[in-house]
Amino acid sequence: MDPAFLTIAELDRLYDRHELSPVEVTRALLDRTAAYDGRLHSFIRVTPEVALAEARAAETELMAGQRRGPLHGVPYALKDIVETAGIPTTGHSKLCQDHVPAQDAHLVTLLKAAGAVLMGKLATWEFALGGPSWDLPWPPALNPWNLDHLPGGSSSGAGAAVAAGFVPGAIGTDTGGSIRGPAAVCGIAGLKPTYGRVSRRGVFANTFSMDHCGPLTRSVEDIALMMGVIAGSDPEDPGSEDVPVPDYRAALDGNLNGLRLGLVERWYQGDGVHPDLAPAIAAAVEVLRGLGATVEPVALSSLRDYTDCKTTISTVELYAIHEPDLKARPQDFGRILRNRVLPGALIRAEDYAQALRWRTALAREQAQALVHCDALLTAAALGVAERADPNPPDGLVRVPSITMPFSVGGLPAIAIPCGFSRAENLPLSLQIAAAPMAEATVLRIGEAYQRATDWHRRHPALA
């Protein structure tokens, strides 16, 4: 049995029946990665010795009836800004190409305790912002649906590796859309949890006040399984929230009767939006209505408002993080990251303070909308995957972002596939968001949609 596109839930059941073993699965995925990733570049570093050792340990425990949970013996990979003890964590940057952490990030400790199998470290944009770049020590990842296109960013390797069948799940980070963007253009699922739901201790910072860690998988059910392991309070992360973690999988009952959903159509209308996107979202809405949900339009502020607010805050915080290296060794930054960070030195304190006040007003706007509905729906990307161009115009300033609003609000939001474009045959994606700590609601809606559709079961053919 080829495990390339088995889900975590399917692996879990096959392990229980002893029809597959963690060592068999790990070897098969390592072989697949070795055969195809030379062109995709989704991994910065594959760790076969670590993976096989952890797989053997998991197999021994499973054969002895010692079950740690649904990730026991399941391969995964990490965006290379998540620190791993004894394994280099580079941030895809020359500045950290020799950085070997002494400790694991908190979420890595949780994954190890769950018996998950680390396959390696994944490509990103430099420090989760500067990309896609061709002037770094490693090339940018490419999109497995079409190697002439990109897999989004900044969790670029995570999106590509999961879509390509190298791993069933990966951990990414999301500050303005860096999980949801790759998930959207790679045709997989990706969740940005509530701010503070998953610890960021041991993860390179991008924007202190908006950084999130979360999973990318091929199914929403698998997102629920991974969240059950990595979610929870961490007293050593000052941004962590001490809120009980529910059984996310138990919420997946396929029943949307009585749910009220608000559709934010304004955000994916107008110039620059792919012509196939609105029809795909409309068809997804009809599926949700058919499952028992009520869907009504909701009006929120423009994407430009949300994007300008988020970008002002991020640019200041990014500069604060990188200022010492920018002064000491600016030549070691990639061009794109350097150009995106340097303006932070020019933003006045008054402007930063006003942006924080603006953020509060925008977050309150979302909270008020969620008084009248259980979740919000919109697109997860305004188009399909961009072409791999070494000298593109800067996309982060060219068009507003449809993922940034829920970063500004700190809300849980998921991207799931909802179709393909006709001309390019590339994935299109639906975004679902809910109130703080209501990941279970987001997952319930997304999983019910996937029960009724098969977009998430379509996979790229690697040649």
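Before moving on, here are some points about what is shown:
- Charges were assigned to the Cβ only: +1 to each Lys and Arg, -1 to each Asp and Glu. The resulting dipole of the chain about its Cα centre is roughly 360 debye.
- At least 18 Å along the helix axis (C-alpha) and Kyte average at least 0.5, DSSP helices within the chain: 277-290
- Summary of packing: across the peptides 115-123, 346-354, 30-38, the per-residue average of other C-beta atoms within 10 Å ranks them, highest first, as 115-123, 30-38, 346-354.
- Of the beta bridges in the chain, as assigned by DSSP with both residues counted there, near 70 percent are antiparallel.
- Remark: for residue pairs Lys192/Lys327; Lys112/Lys327; Lys79/Lys310, the C-alpha separation exceeds 29 Å in Lys192/Lys327; Lys112/Lys327.
- Judged by the gyration tensor of its Cα atoms, with axes a ≥ b ≥ c, the chain is rounded; a/c sits under the 1.5 cut.
- Estimated FRET transfer efficiency when R0 is 30 angstrom, pair Arg329-Arg398 (beta carbons, to 0.05): 0.55
- Estimated inter-spin distance, Ser209 and Glu296, nm [label 7 Å along Cα→Cβ]: 3.3
- Distance between the 7 Å Cα→Cβ label points at Ala34 and Thr360: 5.7 nm.
- Here Lys94 is the anchor, and the aspartates and glutamates within straight C-alpha reach of less than 18 Å, apart from those fewer than 8 places off in the same chain, are Asp80, Glu83, Glu126, Asp135, Glu323, Asp325, Asp332.
- Length added when fully stretched, Asp2-Arg304, from 0.36 nm per residue minus Cα-Cα: 104.2 nm
- Modelled label reach - Gln66, point 7 Å along Cα→Cβ, region 99-121 residues with backbone N closer than 12 Å: 115
- Classification of region 138-233 by its C-alpha gyration tensor yields an oblate form. The axis ratio a/c (a ≥ b ≥ c) is 1.5 or more, and b/c is at least a/b.
- Cα-based shape type of region 96-167, given that a ≥ b ≥ c are square roots of the gyration tensor eigenvalues and the cut on a/c is 1.5: oblate
- Segment Arg422-Val371, length gained on full extension (0.36 nm per residue, minus Cα span): 14.6 nm
Every number in this text was worked out from the coordinates using simple rules, so none of it is lab data. This is a predicted model, so every value here is computed, not measured. So basically every Cβ, Gly included, is an ideal-geometry build from the backbone, and we count neighbours across all protein chains shown.
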